[in-house]
Amino acid sequence: MNDDRLRNAFHELRRNETANVPSFQQIVERRRPRRRTIRLAFAVMLFFAVALSVVPLLRRSPTPNASITEWRAPTDFLLKTPGNELLTSVPDLKGNIQ
């Protein structure tokens, strides 16, 4: 294949491709609604995230006169193991046998 035929083949290929390509303005105009949609979707998700995090705070009833010294951890029952009295008492090591 000589250079002229190759050059003509590339020009023909370029003409075919540019005939089907939209203009820059068409591409820009086509993208604008997408951006608005994405922003709107993000705003709606943010609104629901904030709303769902605030609702439990509104439902919680305040506890009057609650003191930090009266607070009990919800897992305190796990500390009460079988044989716990052996760990909380001091054994008699004097050797007094009765």
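Here are the numbers for the structure shown:
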{"item": "Listed peptides 71-82, 39-50 by packing density, highest first (mean Cβ within 10 Å)", "result": "39-50, 71-82"}
{"item": "Square roots of 5 times each gyration tensor eigenvalue, C-alpha, segment 1-59, largest first, Å", "result": "56, 12, 5"}
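We did not get these values from a lab; they are worked out from the coordinates using the rules stated. Everything quoted here is computed from the prediction, not taken from an experiment. Note: ideal-geometry Cβ built from the backbone for every residue, glycine included; neighbour counts use all protein chains shown.
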